Amino acid sequence: MVVTANMTLDDFLIQPLDWRAHFVSLEGIYLATRSGCKFDFNLYYVTDFFVEVWYAKGSHEVGLIRGFTDIACLTTYLDEINITDIQKQ
């Protein structure tokens, strides 16, 4: 796998699911987890976009990996993200 520092969302989305999973495991910054009826969702930040990895409940198999830049997609995570450790530089 070739990982570049300037990976764009479009570049990421055209890759196969297993490639995206490996990329996120290497480059993603974990932000939060939320639980749904059939899936658990982990949120990551990668370069200039967010990635949501869907894990099937019970089997923990990856069902979907989606990337996005629209911060409106983060609203379901607002109760899970802890920003108390962030300090102004």
Flagged in region 1-37 as out of contact with any Phe, Trp or Tyr (no Cβ under 9 Å at 6 or more places or on another chain) and part of a loop (DSSP other than H, G, I, E, B), in numbering order, are VAL2, THR4, ALA5, ASN6, ILE14, PRO16, CYS37
Only listed residue being open to solvent by 70 Å² or more (accessible area, probe 1.4 Å), within 15 Å of GLU80 (Cβ to Cβ) and small (Gly, Ala, Ser), chosen from SER35, SER25:
SER35
Condition set at pLDDT below 90 and open to solvent by less than 80 Å² (accessible area, probe 1.4 Å), scope region 60-81, selection nearest to ILE14 (Cα to Cα): answer is CYS73
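From the list PHE49, PHE12, PHE41, pick out the single residue that is at pLDDT 90 or above and touching a Lys or Arg at 6+ places or on another chain (Cβ under 6 Å).
Just one listed residue meets the conditions, PHE41.
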First in region 24-53 and within 13 Å of LEU74 (Cβ to Cβ), second anywhere and of a type in the set (Lys, Arg) and surrounded by fewer than 17 Cβ atoms within 10 Å (Cβ to Cβ), Cβ under 7 Å, 6 or more apart:
PHE41/ARG34; GLU52/ARG66
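The values are calculated or read from the model by the stated rules, or taken from the named source; none is laboratory data. What you see is a predicted model, and the numbers here were worked out from it, not measured in a lab. Methodologically, a virtual Cβ is constructed for each residue, glycine included, from the backbone with ideal geometry; neighbour enumeration extends over all protein chains shown. Remember, those area values only see protein heavy atoms, side chains included, never the ligands or the DNA or RNA. Shrake-Rupley method; radii C 1.70, N 1.55, O 1.52, S 1.80 Å.
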